[in-house]
1. Return the pairs, sorted by first residue and then second, in which the second residue is exposed (fewer than 11 other Cβ atoms within 10 Å of the Cβ) and among the acidic types (Asp, Glu), the first residue lies in region 51-75 and is farther than 17 Å from Asn3 by Cα, the beta carbons are less than 8 Å apart, and the residues are 6+ apart or on different chains.
2. Report, ordered by the first and then the second residue, all pairs with beta carbons closer than 7 Å, sequence separation of six or more or different chains, a first member in region 1-14 that is modelled with pLDDT of 95 or more, and a second member that is surrounded by 12 or more Cβ atoms within 10 Å (Cβ to Cβ) and not in a helix (DSSP H, G or I).
3. Hey, among the residues in region 34-45 that are closer than 14 Å to Glu72 by Cβ and of a type outside the set (D, E, K, R), which one's farthest from the chain's Cα centre (by Cα)?
4. Working only within region 1-21, note down all residues that are farther than 15 Å from Gln32 by Cα and not hydroxyl-bearing (Ser, Thr, Tyr).
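The values are calculated or read from the model by the stated rules, or taken from the named source; none is laboratory data. Not measured: the values here are computed from a predicted model. Here the Cβ positions follow ideal geometry from the backbone for every residue, glycine too, while neighbour counts run over all protein chains shown.
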Amino acid sequence: MDNSKLVRMANQIGAFFAAMPDRAEALQGIAQHIHRFWEPRMRRDLFAHIDATNGDGLDEIVTVALREHREELAA
């Protein structure tokens, strides 16, 4: 899948959870959604994008969520 599509989809998820008043809960929600609904290949490609570009194009809340929950998302 094209990285720009992954970034767009991740940002849409982030925008939904960003409205939550509890930031820690929002970060967890982003990570849980991506873990539940994205194929491992999609998660690997997104992390490869983060590693190669420092998360270029990703919203800050998404980047933080993915970095904080990387181990559980790699499973």
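1. Between residues of region 51-75 that are farther than 17 Å from Asn3 by Cα and residues that are exposed (fewer than 11 other Cβ atoms within 10 Å of the Cβ) and among the acidic types (Asp, Glu), there is no close pair.
2. What qualifies is Val7/Gly57; Val7/Leu58; Ala10/Leu58; Asn11/Leu58; Asn11/Asp59; Gly14/Asp59.
3. Among those that are closer than 14 Å to Glu72 by Cβ and of a type outside the set (D, E, K, R), it is Pro40.
4. Going through region 1-21, the residues farther than 15 Å from Gln32 by Cα turn out to be 1-8, 19, 21.
If the condition is that a residue be farther than 15 Å from Gln32 by Cα and not hydroxyl-bearing (Ser, Thr, Tyr), then Met1, Asp2, Asn3, Lys5, Leu6, Val7, Arg8, Ala19, Pro21 are the ones that fit.
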